[in-house]
């Protein structure tokens with residue numbers, strides 16, 4: 001997390017409301033410490049923002065170049081979005097993600113569908129699980145054989161094979177996905193569930209483990225559309241952002257926050 005410089009000039013309530021709306025319209029996030037906003041102030045603005053490292057974990061049959069990843073970059077332009085291709089093997093995928101979040105000092109993890117299951121396993125990180133699929137193996141057993149990737153992958157692969165052995169590996173991982181779940185972990189995890197999702201329905205299971213307070217519903221299906229990214233996901237990211245900024249200044253009391 002990179003905390004930018006802060007301007008000392010106070011803002012009126014009306015000015016803050018105007019700035020927040022302009023920021024939302026342009027796909028940016030708003031911070032109260034920025035003293036003004038105009039069309040020509042982007043370079044100045046970038047000196048004062050808080051930049052986050054965000055990991056996006058894609059779903060089954062997808063890749064790091066998915067449309068969701070590209071939309072996240074569009075509507076969170078001042079953050080760094082990491083969106084790697086997941087190995088097909090679940091153990092390899094989890095190991096890669098565990099190494100990546102440490103190496104890149106990830107602030108927020110966002111996982112969609114199967115990616116939500118992997119995100120849930122990354123303990124100690126603020127995370128957003130979007131229509132998480134906690135039972136990937138069940139879906140896979142219905143798709144045994146050759147399957148196509150929905151979007152291009154870095155290694156050029158266009159298809160992968162689902163076998164019973166692969167399904168068993170996912171099932172073994174799923175059996176222990178809620179192990180070591182502390183209250184602290186519950187407090188930093190958000191679940192987002194589309195009201196018309198007819199592919200995966202793990203909302204009740206999420207609430208059983210995390211409670212209803214961090215469960216958010218949005219108008220949409222299993223796959224996120226542009227509005228879902230621009231408004232629904234953006235709002236939850238903004239909530240976490242404000243919390244992390246508050247924690248930063250609490251842990252760094254010698255730094256002034258105007």
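No lab work stands behind these numbers, since they all come straight from the coordinates. These numbers were taken from a predicted model, which means no experiment stands behind them. As a convention, Cβ positions derive from the backbone with ideal geometry for all residues, glycine included, and neighbour counts pool all protein chains shown.
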#### Entry: Separation in nanometres of the label points that stand 7 Å from Cα toward Cβ, at residue 123 and residue 1
2.2
### Message
Need one number: % antiparallel among DSSP beta bridges in segment 126-257, to the nearest 5.
### Response
35
### Query
Under the classification rounded if a/c is under 1.5, otherwise prolate if a/b is larger than b/c and oblate if not, where does segment 66-129 fall, given a ≥ b ≥ c as square roots of the Cα gyration tensor eigenvalues?
prolate
### Task
Provide the packing ranking of 194-206, 69-81, i.e. peptides ordered by the mean count of other C-beta atoms within 10 Å per residue, highest first.
69-81, 194-206
### Query
By average Cβ neighbour count within 10 Å, what is the ranking of 230-237, 85-92, 144-151 from highest down?
230-237, 85-92, 144-151
### Summary
Quick note, segment 132-178: a/c under 1.5 would make it rounded; otherwise a/b > b/c is prolate and the rest oblate (a ≥ b ≥ c, C-alpha gyration tensor); here it is prolate
### Query
Taking 0.36 nm per intervening residue step and subtracting the Cα-Cα distance, what contour gain separates residue 80 from residue 208 on full extension?
42.8 nm
### Task
Pop a pseudo-label 7 angstrom from the Cα along the beta-carbon direction at both residue 186 and residue 231 and give the gap in nm to one decimal.
3.1
### Query
What percentage of all Cα-Cα pairs in segment 116-258 are separated by more than 22 Å?
52
#### Entry: Extension reserve of the residue 177-residue 198 stretch, reckoned as 0.36 nm per residue once the Cα distance is removed
5.3 nm
### Query
Between residue 163 and residue 65, what length in nm is gained on full extension when 0.36 nm per residue of separation is reduced by their alpha carbon distance?
32.8 nm
